[in-house]
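One structure is given here, and the rest of the page talks about it.
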Amino acid sequence: MNLDDKLSILLVEDNELNQRLMKISLARFNYNVTIAVNGLEGVQMFSNQKFDLILMDIMMPVMDGFESTKKIRKIESNNPMLGHIPIIAFTANTINNDREKCIKGGMDDILEKPFDIIKFRKILSLLK
């Protein structure tokens, strides 16, 4: 993934303050950010629009990040032409086994809250 591309990012996050902070941070790098306020809305948006990347909060109302990721991966498996969209978990709860749980849950990596643009760009550089 080229860090200089204008990426289309789906941010699935229920906290309004986090939404604003991340959108401002990501806009500095010319990334286009679309916000879903819960996991169900995120799955619906993924079904109707093409994104380069999903930033997925883990704990949300209506549908959590694990269930949302599971549904997105099922949509991808039923539509091979979609390819694999990277999903990065975005959570405040980062104990040692969280990364493993996220990877097993279909996510590609994990990013801790509060949002750190340098760590985010490092993760992007590692995604293929």
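Worth a mention:
- Close Cβ contacts (under 6 Å, 6 or more residues apart or on different chains) running from residues in region 102-128 that are within 10 Å of Ala89 (Cβ to Cβ) to residues that are of a type in the set (Ser, Thr, Tyr) and surrounded by fewer than 18 Cβ atoms within 10 Å (Cβ to Cβ) comprise Glu112/Thr94.
- Among all residues of region 44-67, there is none that is touching a Ser or Thr at 6+ places or on another chain (Cβ under 7 Å), of a type in the set (Gly, Ala, Ser) and surrounded by 13 or more Cβ atoms within 10 Å (Cβ to Cβ).
- Residue within region 14-32 that is assigned to a strand (DSSP E or B) and without any contact (Cβ under 8 Å) to a residue 60 or more places away in the chain present: yes
- Criterion violated by Ala92 - all others in (1) without any contact (Cβ under 8 Å) to a residue 40 or more places away in the chain; (2) crowded, with 17+ Cβ neighbours inside 10 Å; (3) small (Gly, Ala, Ser) satisfied: (2)
- Residues within region 26-58 that are among the small types (Gly, Ala, Ser) and modelled with pLDDT under 90, tallied: 1
- The residues of region 1-48 that are charged (D, E, K, R) and closer than 17 Å to Met59 by Cβ, listed by number, are Glu13, Asp14, Glu16, Glu41.
The values are calculated or read from the model by the stated rules, or taken from the named source; none is laboratory data. This structure is a prediction, so every number in the text was calculated from the model and none was measured. When we count neighbours, we look across all protein chains shown, and the Cβ atoms used for this are built from the backbone with ideal geometry, even at glycine.
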